[in-house]
Amino acid sequence: MADLIPFPLHSRTRLIRSLVDDLKVVHGPAANIFWRERIAGIVADMRRAGLADEAIRDEILGLQDAVQTELRGSYLRQQRDVTA
């Protein structure tokens with residue numbers, strides 16, 4: 001039986017940008033705590049929705065990749081603007 005994910009986390013632009021905006025101002029151990037708390041909330045919501053652990057794991061890994069990609073892009077844009 002497969003889990004259907006109608007709105008995959010890696011496609012939720014508002015969620016990704018919100019996480020990125022927060023991570024731009026939170027650094028070090030505080031960023032790690034922030035990330036873990038936000039992800040724990042998302043995982044809890046997914047479990048309540050009845051998703052299997054494997055589907056949740058895949059969704060969280062996809063979200064993590066999307067956030068990292070957005071953070072890199074933001075950093076590169078910032079560096080380009082500084083050197084322009």
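Just so it is clear, none of the values below were taken in a lab; they were calculated from the coordinates. Since the model is a prediction, treat every value here as computed from it, not as a measurement. Because the Cβ atoms are built from the backbone with ideal geometry, glycine has one as well, and the counts that use them run over all protein chains shown.
Helices of the chain meeting both criteria, an alpha-carbon length of 30 angstrom or more along the long axis and an average Kyte-Doolittle score not below -0.5, with helices taken as full DSSP H segments, are 28-48. Taking amide H positions as modeled 1.01 Å from N, with prolines and chain starts lacking one, no residue 5 or more places away or on another chain lies under 5 Å from ALA52.
With the biggest extent put first, the Cα atoms of the chain measure 52, 25, 17 Å across the principal axes. In the chain, taking the dipole from charged Cβ atoms about the Cα centre, the farthest positive-side position among GLY41, HIS10, GLN68 is held by GLN68.
About its Cα centre, the dipole of the chain is roughly 300 debye, where the only charges are +1 on Lys and Arg Cβ and -1 on Asp and Glu Cβ.
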